[in-house]
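**Student:** Just dropping this structure here.
The values are calculated or read from the model by the stated rules, or taken from the named source; none is laboratory data. From a predicted model like this one, the values you see are computed outputs, not experimental measurements. Here the Cβ positions follow ideal geometry from the backbone for every residue, glycine too, while neighbour counts run over all protein chains shown. For the accessible areas, the whole protein counts, side chains as well, though only heavy atoms, and no ligand, DNA or RNA atoms are used. Shrake-Rupley method; radii C 1.70, N 1.55, O 1.52, S 1.80 Å.
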Amino acid sequence: MDRWWEVHISMPYAFATWSSRTPTIPGSYDGDVLLIFTMALAVILLLLALHNRRTAPQPANGRPAPARVRDCTQEGEAAQGSLPSGSPTAKRLQRCPGVMLYTLVLTCKIGHVDSRFSRRRAPRPAWTPGEAHSRGAMQGAARNAELQRNLEVLKIHETNTNRKLGVVARRSLPKGYRIIYEPATFSCYQWGSGKRTAVEEWSELSSEHRRHMRLLHTVLRKVPDGGKDAFKERDKRRLESFISDYAFSDPQRDRAHIYELTCYINHACSTCANAEFWVDSDWPNSITVKLVRDVKKNDEIFICYHKPSLYFGCALCRYGETLRGRLGRLLFIIRNLSRRRCKANANETEPASDDAGISAAPDSSASNDIPSDKALVNS
Ligand SMILES: C[S@@+](CC[C@H](N)C(=O)[O-])C[C@H]1O[C@@H](n2cnc3c(N)ncnc32)[C@H](O)[C@@H]1O
């Protein structure tokens with residue numbers, strides 16, 4: 001087969017792409033099965049290719065096989081017909097770039113996803129938005145009261161999934177209930193107008209305000225505190241990526257706004273989301289979040305992000321999840337399993353501790369990332 005190596009590369013990818021677009025049934029694991037199958041297929045093909053290379057017939061004169069460097073110089077000759085197309089060297093040549101390229105692509109793909117997880121995580125803050133307010137003392141009493149009202153019914157909590165933190169209901173709430181009303185803590189131009197002003201706006205904040213935002217969002221701790229001059233290209237990218245991940249746009253789809261509590265609500269598709277939001281077009285661009293169905297105590301709140309380029313898809317039915325999202329989830333499960341095993345070994349003799357008592361947090365059987373006393377619960 002002349003284009004043998006192309007089959008190696010394209011087949012698993014075609015399958016993986018197809019599987020990532022296949023809609024999944026809510027609550028089923030067929031997406032994971034397809035992914036595992038795809039990866040297994042890829043590994044089998046790779047092993048077959050390596051096996052074929054090893055078992056390729058040796059030259060009759062018993063001399064050792066020529067080195068790959070030599071093979072590669074002979075590639076041109078083979079292509080020009082000076083080597084017989086059926087010779088072992090020519091066959092090996094056909095396989096070598098395919099296998100190498102295939103391994104490279106697969107490694108890059110997996111490595112890319114893995115790097116998101118292997119980055120050293122900043123320690124979780126032991127604060128609540130309420131506490132941060134009182135520490136920062138940058139907001140008026142009215143704003144504090146509003147935030148307090150939000151926190152009476154909601155809390156930020158570890159979800160024990162690859163979604164990390166999420167917002168959970170403290171008690172049962174009826175459909176139509178306004179769970180959040182809060183003004184933006186940070187605004188800038190990010191989309192629409194084509195200009196990005198995140199760095200300028202960040203630099204113009206008072207140091208008290210920046211400190212407050214750092215307390216709220218661990219990601220921002222790596223962003224320099226000083227003025228614009230202190231910003232390197234990497235810091236600028238970090239700030240802009242934070243805005244892209246966490247900000248809500250105003251109705252004009254122009255300015256981006258960061259909210260203290262709403263920023264922690266995770267995404268579900270418009271069919272599965274149990275809440276909806278809207279942003280006021282005028283300053284201070286407050287956001288309102290309202291329930292569109294009844295929720296029980298400890299249910300996680302989901303809104304639809306309405307963003308076109310999401311890779312993670314719906315948290316409940318997984319609609320829109322891409323291959324990257326699936327691999328991310330798979331890696332989280334693998335890492336969590338190994339972490340649980342390590343913890344179990346370490347605590348073999350110690351009595352099991354009572355966890356946060358959040359029964360409905362998704363996958364609550366899995367180990368908690370942060371100790372319960374440090375969970376972001378405003379009790
Ligand atoms: C606005 S933040 C939500 C808070 C976030 N979970 C945290 O711990 O900071 C958006 C980020 O949460 C994660 N996320 C939100 N919804 C998700 C979902 N359905 N599945 C996986 N990850 C999700 C993604 O990493 C996304 O970039």
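**Student:** List pairs: first in the range 254-275 and assigned to a helix (DSSP H, G or I) and of a type in the set (S, T, N, Q), second at pLDDT 95 or above and surrounded by fewer than 20 Cβ atoms within 10 Å (Cβ to Cβ), Cβ under 8 Å, 6+ apart or cross-chain?
**Tutor:** Pairs that qualify, where the first residue is assigned to a helix (DSSP H, G or I) and of a type in the set (S, T, N, Q) and the partner is at pLDDT 95 or above and surrounded by fewer than 20 Cβ atoms within 10 Å (Cβ to Cβ), are THR262/PHE277.
**Student:** Can you name the residue in the range 295-317 that is of a type in the set (Lys, Arg) and modelled with pLDDT of 90 or more and, of all such residues, is nearest to PRO174 (Cα to Cα)?
**Tutor:** The extreme case among them is LYS296.
**Student:** Taking the range 256-290 as the search range and keeping residues that are among the acidic types (Asp, Glu) and more than 13 Å from the ligand (Cβ to nearest atom), which one is most open to solvent (accessible area, probe 1.4 Å)?
**Tutor:** ASP282
**Student:** Looking at the range 124-143, which of its residues are in a helix (DSSP H, G or I) and at pLDDT 50 or above?
**Tutor:** ALA141, ALA142, ARG143 - these are the residues of the range 124-143 that are in a helix (DSSP H, G or I) and at pLDDT 50 or above.
**Student:** Which numbered condition trips up ARG293, out of (1) under 23 Å from HIS157 (Cα atoms); (2) more than 11 Å from the ligand (Cβ to nearest atom); (3) surrounded by 16 or more Cβ atoms within 10 Å (Cβ to Cβ)?
**Tutor:** Among (1) under 23 Å from HIS157 (Cα atoms); (2) more than 11 Å from the ligand (Cβ to nearest atom); (3) surrounded by 16 or more Cβ atoms within 10 Å (Cβ to Cβ), the lone unmet condition for ARG293 is (3).
Okay, residues lined up against (1) under 30 Å from LEU337 (Cβ atoms); (2) open to solvent by 20 Å² or more (accessible area, probe 1.4 Å); (3) part of a loop (DSSP other than H, G, I, E, B):
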| residue | (1), (2), (3) |
| --- | --- |
| ALA145 | no, yes, no |
| HIS157 | yes, no, no |
| ASN160 | yes, no, yes |
| VAL168 | yes, no, no |
| CYS188 | no, no, no |
| GLU200 | no, yes, no |
| SER203 | no, yes, no |
| LEU215 | no, yes, no |
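**Student:** So for the range 284-297 (the condition being more than 19 Å from LYS164 (Cα to Cα) and free of Cβ contacts under 8 Å to residues at least 60 places away in the same chain), does at least one residue qualify?
**Tutor:** no
**Student:** Being within 10 Å of the ligand (Cβ to nearest atom) and assigned to a loop (DSSP other than H, G, I, E, B) is the filter here; which residues of the range 320-332 pass it?
**Tutor:** GLY320, GLU321
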